[in-house]
Amino acid sequence: MSRKIQNDEILIEQFKFEIALLKRHKFAKRSEQISPAQGSLLDDLLDTDLEAIEAELKQLLPASSQAEPRQSPKRAPLPPQFPRTVIRHEPESTQCCACGCQLQRIGEDVSEKLDYTPGVFTVEQHVRGKWACRQCETLTQAPVPAQVIDKGIPTAGLLAHVMVAKFADHLPLYRQENIFGRAGLAIARSTLAQWVGQTGVRLQPLVDALREAVLKQGVIHADETPVQMLAPGEKKTHRAYVWAYSSTPFSAFKAVVYDFSPSRAGEHARNFLGDWNGKLVCDDFAGYKAGFEQGITEIGCMAHTRRKFFDLHVANKSQLAQQALHSISGLYEIERQARDMSDEDRWRIRQELAVPISKTLHDWMLAQRDLVPNGSATAKALDYSLKRWVAMTRYLDDGAVPIDNNQVENQIRPWALGRSNWLFAGSLRSGKRAAAIMSLIQSARMNGHDPYAYLKDVLTRLLPTQRASEIGQLLPHQWVQA
């Protein structure tokens with residue numbers, strides 16, 4: 001009977017934890033921050049002391065300093081590169097209303113208002129003169145400039161706008177169709193879809209070169225997220241996946257490459273990574289395991305461990321979870337101090353400060369696990385951490401390795417936003433085109449480029465016969481605006 005009661009208590013605790021977790025995901029903010037109200041019991045006394053000190057300071061300050069008026073903030077001037085339309089305002093009469101004399105202009109006051117004109121179409125009219133020889137009747141004309149879409153109407157600028165609107169601003173094509181209609185020309189979404197597909201094909205050599213550049217890195221982040229894809233020949237969707245592979249925050253090289261696949265099978269990760277043999281920062285997904293058996297070094301994610309204890313703390317105010325969070329916060333504080341250091345200096349400060357905290361935390365987890373009943377939410381958080389401990393602390397031995405996988409999780413976020421707008425990929429091919437274009441847009445952002453300016457310039461300069469060396473110059477981390 002006592003064993004049954006104990007099992008029931010564990011189940012009740014687990015259910016309470018899951019209910020609290022679901023409620024937080026549905027109703028509360030998702031930020032993993034501990035409320036200041038959950039701090040030390042001495043905080044209230046500290047606030048009281050601060051108020052008393054402030055009151056004493058007010059009494060000691062001279063009256064003049066207390067009565068100083070607060071300066072109102074000044075409005076920043078509008079950017080000088082914006083074109084100006086000058087609208088002049090002058091009196092109806094320039095004769096003095098008092099004595100009738102002629103007024104003289106002695107100056108002016110200038111104020112600026114910000115206006116905005118929604119998308120306006122313009123037309124490039126290409127005129128190719130025909131030149132003929134009167135003697136031999138030879139006809140000469142300048143060649144037709146290379147276009148992204150042969151015999152199509154869109155310029156590189158319009159194509160770049162459509163790509164950025166869809167994949168950076170998450171505007172589905174049917175919304176773009178409506179916006180273009182309001183601007184004076186309704187472009188059918190089927191036409192826009194063809195433009196997206198053809199642009200993706202043109203950009204694919206760049207994405208292939210970007211993948212090769214990513215795979216030259218010794219440390220790579222990896223993550224995956226589900227996307228709905230329309231099943232071939234059917235009206236229903238099934239779950240496909242986008243995989244993201246990015247450089248680390250410590251690397252001067254900044255890029256991310258997305259790979260669209262019809263499933264979450266580990267073979268897709270193996271196919272992308274090929275014979276790459278570096279350090280892979282990832283979660284506990286089994287699809288990466290085959291790579292670890294072939295020589296890839298697994299790097300765990302401390303943020304995932306922190307999340308386990310944070311959920312536990314929010315669900316039932318667990319003191320054990322709070323203690324774990326305190327130690328993990330100490331590790332992250334060291335990372336904040338070491339963020340801008342060289343790899344060597346970062347390794348040194350980790351060895352000096354982070355290794356002792358890590359060892360103490362590990363010993364504490366082992367001791368706590370012996371005191372916690374199997375199957376409870378606390379046991380699961382501890383088991384996850386202890387199981388991943390070796391991979392999770394490998395970052396301590398290499399200053400080039402980050403503490404967590406947040407870098408690539410931030411690059412996955414645009415896909416999560418996109419899911420809310422375009423809902424699903426129309427096919428495997430369209431998913432791969434989307435992944436290619438998104439790779440370039442997001443990599444351009446990582447390098448501080450305006451995605452529209454980057455794509456417009458690249459689509460203008462990228463020719464079907466481009467040499468590999470020239471393609472390298474158009475990659476986001478090497479691109480210089482012409």
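The values are calculated or read from the model by the stated rules, or taken from the named source; none is laboratory data. Model, not experiment: these values are computed from the prediction. Every residue, glycine among them, receives a Cβ derived from its backbone with ideal geometry; neighbour counts consider all protein chains shown.
Say whether the condition of being among the basic types (Lys, Arg), under 30 Å from residue 90 (Cα atoms) and assigned to a loop (DSSP other than H, G, I, E, B) is met by at least one residue in the stretch 134-147. Checking the stretch 134-147: not a single residue is among the basic types (Lys, Arg), under 30 Å from residue 90 (Cα atoms) and assigned to a loop (DSSP other than H, G, I, E, B). Could you tell me which residue of the stretch 267-278 is nearest to residue 403 (Cα to Cα), considering only residues that are in contact with a Gly (Cβ under 8 Å, 6 or more places away or on another chain) and either basic (Lys, Arg) or part of a loop (DSSP other than H, G, I, E, B) (or both)? Once the filter is applied, the top-ranked residue is 278. Only one entry of 404, 363 meets the criterion of being in a helix (DSSP H, G or I) and among the acidic types (Asp, Glu), and that entry is 363. Restricting attention to the stretch 103-126, the residues that are hydroxyl-bearing (Ser, Thr, Tyr) and either touching a Leu at 6+ places or on another chain (Cβ under 9 Å) or farther than 28 Å from residue 181 by Cβ (or both) add up to 1.
Would you check if there is a residue in the stretch 108-131 being touching a residue at least 12 places away in the same chain (Cβ under 8 Å), within 30 Å of residue 200 (Cα to Cα), acidic (Asp, Glu) and outside the structural domain of residue 415 (by the TED database)? The answer is yes; a qualifying residue exists.
Scanning the stretch 366-396 for residues that are among the polar types (S, T, N, Q) and not in a helix (DSSP H, G or I), we see that the one that is nearest to residue 286 (Cα to Cα) is 393.
For the stretch 290-336, the tally of residues that are surrounded by 14 or more Cβ atoms within 10 Å (Cβ to Cβ) and either in contact with a strand residue (DSSP E or B) (Cβ under 9 Å, 6 or more places away or on another chain) or without any contact (Cβ under 8 Å) to a residue 24 or more places away in the chain (or both) stands at 8.
Can you name every residue in the stretch 102-133 that is in a loop (DSSP other than H, G, I, E, B), touching a strand residue (DSSP E or B) at 6+ places or on another chain (Cβ under 7 Å) and loosely packed, with under 10 Cβ neighbours inside 10 Å?
Across the stretch 102-133, the qualifying residue is only 130.
Given the structure, is residue 377 touching a helix residue (DSSP H, G or I) at 6+ places or on another chain (Cβ under 6 Å) and either within 22 Å of residue 390 (Cβ to Cβ) or surrounded by 16 or more Cβ atoms within 10 Å (Cβ to Cβ) (or both)? Answer is yes for this residue. Among the residues of the stretch 354-383, just one is at pLDDT 95 or above and within 29 Å of the chain's Cα centre (by Cα), namely 354.
The C-beta contact set for the stretch 340-367 (first residue among the polar types (S, T, N, Q), second residue modelled with pLDDT of 95 or more and not in a helix (DSSP H, G or I), distance under 8 angstrom, 6+ apart or interchain) comprises 342/399; 358/393.
Counting only helices (runs of 4 or more DSSP H) that sit wholly inside the stretch 149-223, those with at least 2 residues that are surrounded by fewer than 19 Cβ atoms within 10 Å (Cβ to Cβ) and among the acidic types (Asp, Glu) are 189-214. Screening residue 310 with (1) outside any loop (DSSP other than H, G, I, E, B); (2) within 20 Å of residue 413 (Cβ to Cβ); (3) assigned by the TED database to the domain that holds residue 222 gives one miss only, at (3).
Looking across the stretch 279-298 at every residue that is within 24 Å of the chain's Cα centre (by Cα) and assigned to a loop (DSSP other than H, G, I, E, B), the one that is nearest to residue 210 (Cα to Cα) is identified as 282. Applying a threshold of 9 Å to beta carbon distances and a minimum spacing of six or more residues, or different chains, the list of pairs starting in the stretch 177-197 at a residue that is free of Cβ contacts under 8 Å to residues at least 40 places away in the same chain and β-branched (Val, Ile, Thr) and ending at one that is assigned to a helix (DSSP H, G or I) and buried (at least 16 other Cβ atoms within 10 Å of the Cβ) reads 187/162; 187/176; 187/177; 187/180; 187/195; 191/177. Return yes or no: is residue 415 closer than 30 Å to residue 474 by Cβ, surrounded by 18 or more Cβ atoms within 10 Å (Cβ to Cβ), touching a helix residue (DSSP H, G or I) at 6+ places or on another chain (Cβ under 8 Å) and aromatic (Phe, Trp, Tyr)? The answer is yes for residue 415. Only a single item in (1) within 25 Å of residue 189 (Cβ to Cβ); (2) surrounded by 20 or more Cβ atoms within 10 Å (Cβ to Cβ); (3) at pLDDT 95 or above is not met by residue 393, and it is number (1).
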